[in-house]
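Notes to accompany the following structure.
The values are calculated or read from the model by the stated rules, or taken from the named source; none is laboratory data. Here the structure is a predicted model, which is why all the values come from computation and not from measurement. For neighbour counting, all protein chains shown are included, and Cβ atoms are generated from backbone atoms with ideal geometry for every residue, glycine included. For the accessible areas, the whole protein counts, side chains as well, though only heavy atoms, and no ligand, DNA or RNA atoms are used. Shrake-Rupley method; radii C 1.70, N 1.55, O 1.52, S 1.80 Å.
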Amino acid sequence: MGLVSEFKEFIARGNVIDLAVGVIIGASFGKIVTSLVEQVVMPPIGLLLGRVDFSNLEWVLVPENPATEEIEKVAIQYGAFINTVIQFMIVAFVIFLMVKLVNKLRREQAAAPAPEVPPAPTATEALLAEIRDELKARPKA
C-alpha cells in the first residue's frame, strides 16, 4: 500500500474528520468568547470598579525612555491576564454545560426500555416448524 493511499485512508476515517470539525468550531468559539469578554463583560465590570479599563492595567517594571530608543517599556500586563482568566472560566462553564447535557442524554437513552425481541425458538419448536413447512410443501393426494 502506497503512502498516498494510506494517507487517504487515514483522512477518510470519521474520527479524524470529527476532530478537525471540533478544532475549527473550537477556534471560532474562542473568538466569540474573547469578543464577549473584552467587549461585553469587562466594560461594565470596569465601570463598576471606577471606570477601569482592564486591558490597560499593567505593572511597569522598567519605564520607557523616549530620549533613547534603546530602552523599551517592560511591564507585566495583568489586565490582559484577568481578561484571559475570565475567558477561560466562560469556556470551561460552557463545556461543563455541554458535557452535562450529553451525560443526561446518555442516561436517558440507557434508561429507555429496549424493544422486546421475541426469544429464539427452542430446538423442538424449530424442528416442529420444519416438519410443518415440509407438510405444507407436499402435493396433496
Just the number please: accessible area per residue for the chain, 1.4 Å probe, all protein chains included, in Å². 88 Å²
Read phi for every residue in region 91-96 and hand back ³J(HN,Hα) as whole Hz from Karplus 6.51 cos²θ - 1.76 cosθ + 1.60, θ = phi - 60°, with x for Gly and Pro. 4, 4, 5, 5, 5, 4
Rounded to the nearest 20 debye, what is the charge dipole size of the chain about its Cα centre when +1 sits on each Lys and Arg Cβ and -1 on each Asp and Glu Cβ? 940 debye
When the Cα atoms of region 71-141 are enclosed in a convex hull and the volume is divided per residue, what value in Å³ results? 209 Å³
Using only the alpha-carbon atoms, how far is helix 14-36 inclined from the longest principal axis of the chain? Give it as 0 to 90 degrees, nearest 10. 30 degrees
Round to a whole number: what % of the accessible area of region 78-129 belongs to carbon and sulfur, probe 1.4 Å? 74 percent
Counting other C-beta atoms within 10 Å, and keeping those with at most 11, which DSSP coil trypsin sites (Lys or Arg not before Pro) do you find in region 1-44? Arg13
Looking at region 1-129, I'd like the Rg to Rh ratio, where Rg is from alpha-carbon atoms and Rh is Kirkwood's inverse mean 1/r. 1.35
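In the calculated pair distance distribution of region 3-74, what percentage of Cα-Cα distances lie above 14 Å?
Pairs farther apart than 14 Å: 77 percent.
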Measure nothing fancy, just the Cα-based angle from helix 3-12's long axis to the longest principal axis of the chain, in degrees from 0 to 90, nearest 10. 90 degrees
May I ask which residue of Asn83, Pro63, Pro118 lies farthest towards the positive end of the charge dipole of the chain, with charges of +1 (Lys, Arg) and -1 (Asp, Glu) on Cβ and the Cα centre as origin? Pro118
If you count only protein heavy atoms and use a 1.4 Å probe, how large is the accessible surface of Phe88, to the nearest 10 Å²? 130 Å²
